[in-house]
Amino acid sequence: KPKAAVVGSGIAGIASALRLKAKGYEVEVFEQNNYTGGKLHSFRRGDYRFDYGPSLFTMPHLVDELFGLFDKSPESYFQYKRKESICNYFWEDGQRFQVKADKQKFIEEAAEAFDEPAKHLSDYLQSTQRKYELTSSLFLEKSLHKFSTYLSQDTVKAILNLNKLHLDDSLNEVNEKYFDHPKLVQLFNRFATYNGSSPYKTPGIMSMIPHLEMNYGAFIPKHGMHDISQSLTKLAREVGIDFHLGQKVDEILYENGRIKGLQINQEKKEFDLVVCNMDVYSAYSSLLKKATPPKKTLDQERSSSALIFYWGINKRFKDLDLHNILFTEDYSKEFDHLFNKKYFTDDPTVYINITVKDVEADAPEGSENWFVMVNAPTNCGQDWAAQTTYIREKVIAKINTCLGTQIENHIEVEHVETPESIEAATSSFQGSLYGTSSNNKFAAFLRHPNFSSKIKNLYFCGGSVHPGGGIPLCLLSAKIVSDLVPQA
Ligand code: FAD
């Protein structure tokens, strides 16, 4: 049987390993850390469990599909439930709003809360669905770097409807066209952060993102987010995929334009095919030093990063749910700081994720596990210790204003991650969460392809390559890789 190696056990690495195994390859995964999952892992502090990275889960069928490849029933490995209420929003002027999963309820309640004609909301949601349906098969499910993609009917349809895709307007401009109330514009602008971009720069086509959450739904795994990577790792081991943990790959080996294998700890290992799940920027600078890097692709702006406080809170807050947003007063200033000034604004938007709301075992009785995240600029050598101290104070002040509490008196456990530490733990260049940003209309075409055009049998998956970052897109990148790989 031909032998395939996967470099990195992020969600896309695990999914690629499973798909290659299903295609008949012998598969080995090499991971530098001593755990699988990459950004999608979990850790404990005291009596609290925390998910390290992702907290929002959409399109769970992409995970289920992987169990189906081996005729296993997904439910016996991985269970999840759909959230009835998607997110609680707070503003400092005292306004609060809960987004319900039921679309009609959302439209009625938002129309009332923001004094916005219901038609604006229903028209908007319809347009997000239309954008998604027109473009998903082109931008998300196929390689953009194969000629055949451009011959398909779907592509022709998308091209004929280009005017409906709002490629020349920013997301903010599109949202301002639909909504009168600035808070609704802000609420829908936030979706740009789902791929680490700015609503003032990312094209209006990104207004398809709310469709994923508001039409497909938002979900929470029964045992927390890390269960996505851990249940898939369990399946992978059962079907005979070897995981080598604590093994950092030093070089991808090739000869005469064809893959030869990997170099790990001075040792050469032969493989017929390699899938690289390491951030593609870091891969060119460390694993493929002799290859000519695709400069234009690698020069693309990175997506934003994050500063995260993981707090064990010895109190329960009934006004909070799984996902909570405490908005800044000045969103455009926040993004100007993130992408241009590269420092935090003095009034950042604060996201609080609390899994114990749905996963009882995650915190002791009467307590909550808070994942408190602020969007951060990428790591360009800022003084993160000083930035952390600065932003901690602002975050606490915002929480206290919005929730009427003294949160500093309830923090009994604390752990902090910065763009610098995220970069160190995951090898994501500059600590970006989602690879390159989508801050221009060509971003989708400038992402690195899922294969190398110079080295035969070298493939790429994960958040830094096509179709982009976030769990669903990473899973789709693995699917595209497996579609490109021949049957063993
Ligand atoms: P990664 O998770 O980046 O893993 C790559 C792996 O490769 C790592 O395990 C690394 O150790 C390994 N590796 C690198 N170099 C080597 C080497 N030389 N040898 C061996 N191994 C190597 N997404 C969502 O969908 N929803 C969210 O709510 C969300 N929130 C996020 C919040 C945070 C704080 C973070 C950090 C990310 C968030 N994301 C979210 C993004 C999501 O986590 C990523 O897009 C996705 O997990 C990336 O997966 P990946 O397959 O690209 O690999």
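Some points to look at:
- Annotation: extensible slack from residue 71 through residue 286 equals 73.6 nm (criterion: 0.36 nm per residue apart, minus Cα-Cα distance).
- Grouping the Cα pair distances of the chain into 10 Å bins from zero gives a pair-distance distribution of 4, 20, 31, 28, 14, 4, 0 percent in increasing distance order.
- Separation between Cα centres of segment 58-84 and segment 110-133, rounded to whole Å: 30
- Dipole magnitude for segment 277-348: computed about the Cα centre from +1 point charges on Lys and Arg Cβ and -1 point charges on Asp and Glu Cβ, it is near 560 debye.
- The reciprocal of the average 1/r between distinct C-alpha atoms defines the Kirkwood hydrodynamic radius, which for segment 1-124 equals 18.5 Å.
- For segment 32-89, pairs of C-alpha atoms spaced more than 19 angstrom apart make up 52 percent of the total.
- Assigned charges on the beta-carbon of Lys, Arg, Asp, Glu; the chain dipole about Cα centre (debye): 1820
- Computed from the C-beta positions of residue 258 and residue 412, the FRET efficiency with R₀ = 56 Å rounds to 0.50.
- FRET efficiency for residue 397 and residue 101, using Cβ-Cβ distance with R0 set to 30 Å, rounded to 0.05: 0.45
- Additional length obtainable on full extension of the chain from residue 180 to residue 119, 0.36 nm per residue less Cα span: 20.8 nm
- Only helices enter the 222 nm calculation for the chain: every DSSP H run of n ≥ 4 contributes -39,500 (n - 2.57), and dividing by all residues gives -9000 deg cm²/dmol, rounded to 500.
- Separation in nanometres of the label points that stand 7 Å from Cα toward Cβ, at residue 81 and residue 145: 4.3
- P(r) tail, segment 270-341: Cα-Cα pairs separated by more than 20 Å, 61% of all pairs.
- Shape descriptor for segment 401-488: Rg over Rh equals 1.19 (Cα atoms; Rh from the Kirkwood inverse mean 1/r).
- Over segment 426-469, the pair-distance histogram of Cα-Cα distances with 10 Å bins from zero comes to 29, 49, 22, 1 percent, rounded to whole numbers.
- Pairs of alpha carbons in segment 222-371 whose separation is greater than 25 Å (percent): 59
FYI, it's all coordinate maths here, none of it is from the lab. Only a predicted model underlies this, so the values are computations on that prediction, with no experimental measurement involved. Cβ sites come from the backbone with ideal geometry, for glycine too, and all protein chains shown count toward neighbours.
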